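All remarks here apply to the structure that follows.
Please treat every number below as a calculation from the coordinates, not as lab data. This one's a predicted model, so the numbers in the text were calculated from it and none came from an experiment. Note: ideal-geometry Cβ built from the backbone for every residue, glycine included; neighbour counts use all protein chains shown.
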Amino acid sequence: MKSDGNIPAPAVRRLSLYLRQLEVLWGDDRQKVSSRELGNALRLTDSQIRKDLAYFGQFGQAGVGYDIAELTTNIRKILGTDRTWNVLLVGAGNLGSALSAYRGFAKKGFRLVAVFDSDRKKVGKPLASNPDLIVQHIDELESQVKQREIHLAINAVPADAAQQIAHRLVKAGVKGLFNFAPVNLDVDSDVAVSSVDLAVQLEQLSFQVSMTQSFVESEKTRRRRKKQ
Ligand code: NAI
């Protein structure tokens, strides 16, 4: 399996889409799939799929397609999800609670094993959204990271605490941060950061909608009616 460090990020992102589609096909008891069929399902061209996969190695056979089980195994290996990851969460607030209630992470190999918060009223109590998890005080963070060999962390604290928490996580040995706070985290280059900001995504969506001709027309009509 190739991995030369020069693989474009969009190709890696699309691997997750391929994996999700392969899992659907596997659930339908399918054995083989062509790049065209995968492409049709994902609204991508078959050449895009072949090009993406070629970054990682030689998969599939011309005229026969891909063996679904084999390609699934290979993509999981590439993504590092052929193992189970222990994940911790900092911030047992609204977002943290909602995330901890989602059982889909475990199915993908991400096991939420510890939750931390600085609020003494929350510490020592089970999370309402996932009673298997007892909230621990943030002071326990470093020792738990080491004891439980945790390499991935979800950062769901307010913006003004996010950088300091990121710094502590990295110092403790965490190698990947999933950041929800609306700040650009400053971390060592060997630490992977994935940031999600739904407000930014909504802005992008509103931009795209605002650019469509039909929306521009409907806005003009709305403004005309308002003036009348
Ligand atoms: P919240 O106020 O409900 O929860 C934050 C939790 O973090 C609280 O339990 C608080 O006690 C804890 N906390 C604060 N400082 C801490 C520290 N130094 N150490 C440990 N725990 C600490 O806030 P909510 O709504 O859950 O949002 C959390 C973060 O997620 C915020 O930064 C917010 O802006 C962000 N957010 C991001 C979204 C996105 O799309 N990326 C969507 C919603 C929220």
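Please compute P(r) over all alpha-carbon pairs of segment 85-196, binned at 5 Å starting from zero, and give each bin as a whole-number percent.
2, 13, 25, 27, 21, 9, 2, 0
What percent does the relative contact order of segment 176-228 come to when contacts are Cα pairs within less than 8 Å and at least six residues apart?
Relative contact order of segment 176-228: 28 percent.
Using +1 at the Cβ of each Lys and Arg and -1 at the Cβ of each Asp and Glu in the chain, identify which of HIS167, PRO10, GLN204 lies farthest towards the dipole's positive end.
Towards the positive end, the residue furthest out is GLN204.
Which lysines, on any chain, are close to LYS108 with Cα under 24 Å apart, when same-chain ones fewer than 8 places away are left out?
Partners found: LYS2, LYS32, LYS77, LYS146, LYS175.
Mean 1/r over all different Cα pairs, inverted: what Kirkwood radius does the chain give, in Å? Spell out each step's value before the answer.
On the way: mean 1/r = 0.0485 Å⁻¹.
For the chain, the Kirkwood estimate is 20.6 Å.
Out of all DSSP beta bridges with both ends in the chain, state the antiparallel percent to the nearest 5.
Beta bridges within the chain, antiparallel portion: roughly 20 percent.
Among the GluC sites (Glu not before Pro) within segment 94-151, which fall in a DSSP loop and have no more than 14 other Cβ atoms within 10 Å of their own Cβ?
Taking segment 94-151 and a limit of 14 other Cβ atoms within 10 Å, the loop GluC sites (Glu not before Pro) found are GLU149.
Tally Lys/Arg at +1 and Asp/Glu at -1 over every other residue whose Cβ is under 14 Å from the Cβ of LEU25; what's the total?
-2
At a Förster radius of 41 Å, what calculated FRET efficiency corresponds to the Cβ-Cβ distance of ARG111 and GLN228, to the nearest 0.05?
The formula returns an efficiency of 0.10 here.
Per-residue HN-Hα couplings for segment 118-124, Karplus 6.51 cos²θ - 1.76 cosθ + 1.60 at θ = phi - 60°, whole Hz, x for Gly and Pro?
Along segment 118-124, the couplings run 9, 7, 4, 6, 8, 5, x Hz.
Could you give each residue of segment 47-59 its phi-based ³J(HN,Hα) in whole Hz, using Karplus coefficients 6.51, -1.76, 1.60 with θ = phi - 60°, and x for Gly or Pro?
5, 4, 5, 4, 5, 4, 5, 5, 4, 10, x, 9, 10
Under a point spin-label approximation (7 Å from Cα along Cα-to-Cβ), what is the SER195-VAL183 distance to one decimal in nm?
Placing both labels 7 Å beyond Cα along the Cβ direction yields 1.1 nm.
Starting at the first residue of segment 208-214, write each ³J(HN,Hα) from the Karplus equation 6.51 cos²θ - 1.76 cosθ + 1.60 with θ = phi - 60°, in whole Hz, x for Gly and Pro.
So the Karplus estimates, Gly and Pro as x, are 4, 5, 4, 7, 6, 4, 5 Hz.
Around PRO182, with a cut-off of 14 angstrom between Cβ atoms, what is the net charge of the other residues, counting Lys and Arg +1 and Asp and Glu -1?
Numbers: positive: none; negative: ASP160, ASP197, GLU203.
Summing Lys/Arg as +1 and Asp/Glu as -1 gives -3.
Given Cα pairs under 8 Å that are at least 6 residues apart, what percent is the relative contact order of segment 112-183?
Relative contact order here is 26 percent.
Under 5 Å between amide hydrogens, which residues at least 5 positions from GLN136 or on another chain qualify, with H placed 1.01 Å from N in the peptide plane?
Residues meeting the criterion, in which the H sits 1.01 Å from N, are VAL115, PHE116, ASP117, GLY124.
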